[in-house]
């Protein structure tokens, strides 16, 4: 059995989502998913202490950058980076650690997750924002992230054979 949890990109922060879903993914042995939403309800803003809800365009703009940052955190430590070699005293292969440095319109973050995270399933009920010509829509970006995560997962499986 797998778990898919809904989390908003409007009222969360990328590091928290990356860490929470990384932990859920670990606990479920890779059977966790994220249903990405942008929170369409104006009343939700007041629950989070905001005076007003972001506009539709701003929510989708934030969501795209949010996903970019979450993905960077998920891949900041490669899955086989922890070597835990008692003989040499080496805990982690630093060549497989890639600290995040991101500065964008919505987020300015640096650092990395404290554990490797693997991503397999990201879903969205969002409709493409057709006004954003020249950019891929949120669902298209989710599909590309899912494909990237699957390729990384498959490559590691084949390398172990």
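A few remarks follow.
- Restricting region 21-72 to residues that are crowded, with 16+ Cβ neighbours inside 10 Å, over 20 Å from the mean Cα position of the chain (by Cα) and farther than 21 Å from residue 102 by Cβ, the residue that is modelled with the lowest pLDDT is 45.
- Conditions (1) touching a strand residue (DSSP E or B) at 6+ places or on another chain (Cβ under 7 Å); (2) closer than 21 Å to residue 10 by Cα; (3) surrounded by 13 or more Cβ atoms within 10 Å (Cβ to Cβ); (4) at pLDDT 90 or above: number failed by residue 97: (2)
- Taken together, the residues in region 102-113 that are surrounded by 11 or more Cβ atoms within 10 Å (Cβ to Cβ) and not in a loop (DSSP other than H, G, I, E, B) amount to 3.
- Residue within region 27-37 that is out of contact with any strand residue (DSSP E or B) (no Cβ under 8 Å at 6 or more places or on another chain), at positive phi and free of Cβ contacts under 8 Å to residues at least 40 places away in the same chain present: yes
The values are calculated or read from the model by the stated rules, or taken from the named source; none is laboratory data. A quick note: this is a predicted structure, and the numbers were derived from the prediction, not measured. Neighbour counts run over all protein chains shown; Cβ positions are idealised from the backbone, glycine included.
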